[in-house]
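A short write-up of the structure that comes next.
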Amino acid sequence: MGQIVQTGQEGKIRVSKLLADQGLCSRREADHYIEQGLVLLDGEVVSQLGTRAYPHQKVELATGAKQQQATRLTFILNKPIGFISHDDDERHYPVAATLIQADTMWHHPSTSAAHAKLPQRITTRGLAPAGRLDIDSTGMLVLTQDGRIARLLIGENSPIEKEYLVRVEGRLPPEALKLLNHGLSLDGQPLKPAKVSWQNEDQLRFVLREGKKRQIRRMCELVGLKVIGLKRIRMGRINLGHLPLGQWRSLAPWEKF
């Protein structure tokens, strides 16, 4: 098998970006695979980090990279209040990933097939949240070692819907409800259209395709509402379901966001 060596770079894009744009892996993972000789460009091994290619060229992962991806773990956690999703809070609150333990695994008939495929010893190394839930929010948090899933869920142009139940206090006239659906801006940028409707007399249902920091709480503040409870119940085609608070389950091989 030959090797691709860099030549002229005009009009070319990094191979790592091409792989990420095609949803085959993250850019960081792509560089890792290139170092191992597991990335192919037009059928030949990419030999150097930073190699560029034209968009029409065929980039793919070798079998060894796909085998590594098959071992990456993804978990669904029902995050309780009091835990942060990312380990970047200087106030040192407990991190949600610390809940991934044997005694907090959800034992339910629906999870038995997926859990049977887990390694005997589960490692949380490289396990990162694909999307934030702030310390005062509960519900579905995806923790993954798979860059493909992370990019799909939180990439800049992610197509994946995220659904929330939001308990609020305050008065919401019809024109303000219309603004929640479309017309608000945060940080000087207009928000993408949302789907916001009443779930019951004091609870709204939000469906978003973006996730700015504390977005729902800030949207509600803009229309005079106070959020007193927020729970994420769905990401894409996967629902939180009956997963108990503080427990987790493995993403089954057949489940797709």
| query | Only one residue in 167, 121 is over 27 Å from residue 217 (Cβ atoms) and more than 17 Å from the chain's Cα centre (by Cα). Which one? | reply | 121
| said: Being surrounded by 12 or more Cβ atoms within 10 Å (Cβ to Cβ) and touching a residue at least 60 places away in the same chain (Cβ under 8 Å): is that true of residue 222 here? | reply: no
| Conditions (1) among the basic types (Lys, Arg); (2) surrounded by 14 or more Cβ atoms within 10 Å (Cβ to Cβ); (3) not in a helix (DSSP H, G or I); number of the one not met by residue 121 | (2)
| field | Out of 211, 170, sole residue that is of a type in the set (Gly, Ala, Ser) and over 15 Å from residue 131 (Cβ atoms) | value | 170
| remark: The condition of being closer than 17 Å to residue 216 by Cα and either touching a strand residue (DSSP E or B) at 6+ places or on another chain (Cβ under 6 Å) or not assigned by TED's automatic domain parsing to the domain that holds residue 220 (or both) holds, among 112, 185, 197, only for 197
| said: I'm trying to understand the selection: among the residues of region 156-184, which are surrounded by fewer than 10 Cβ atoms within 10 Å (Cβ to Cβ) and either touching a Pro at 6+ places or on another chain (Cβ under 6 Å) or free of Cβ contacts under 8 Å to residues at least 24 places away in the same chain (or both)? | reply: 156, 157, 174, 175
| note | In region 189-247, anything part of a loop (DSSP other than H, G, I, E, B) and more than 23 Å from residue 78 (Cα to Cα) is listed as 191, 192, 193, 194, 201, 223, 224, 225
| task | Determine, yes or no, whether residue 149 is in contact with a Phe, Trp or Tyr (Cβ under 8 Å, 6 or more places away or on another chain) and at pLDDT below 95. | result | yes
| said: Which of the numbered conditions does residue 256 fail, given that it passes all the others? Conditions: (1) within 23 Å of the chain's Cα centre (by Cα); (2) part of a loop (DSSP other than H, G, I, E, B); (3) crowded, with 16+ Cβ neighbours inside 10 Å. | reply: (3)
| field | All helices (runs of 4 or more DSSP H) inside region 1-74 with 1 or more residues being exposed (fewer than 14 other Cβ atoms within 10 Å of the Cβ) and modelled with pLDDT of 90 or more | value | 27-35, 63-70
| Which condition does residue 98 not pass, out of (1) of a type outside the set (D, E, K, R); (2) farther than 21 Å from residue 25 by Cα; (3) modelled with pLDDT of 90 or more; (4) surrounded by 14 or more Cβ atoms within 10 Å (Cβ to Cβ), if it passes all the others? | (4)
| message | Within region 136-145, does at least one residue satisfy the condition of being part of a loop (DSSP other than H, G, I, E, B) and under 17 Å from the mean Cα position of the chain (by Cα)? | response | yes
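The values are calculated or read from the model by the stated rules, or taken from the named source; none is laboratory data. In this text, all values refer to a predicted model and were calculated from it rather than measured experimentally. With ideal geometry, Cβ positions are generated from the backbone for all residues, glycine too; neighbour counts draw on all protein chains shown.
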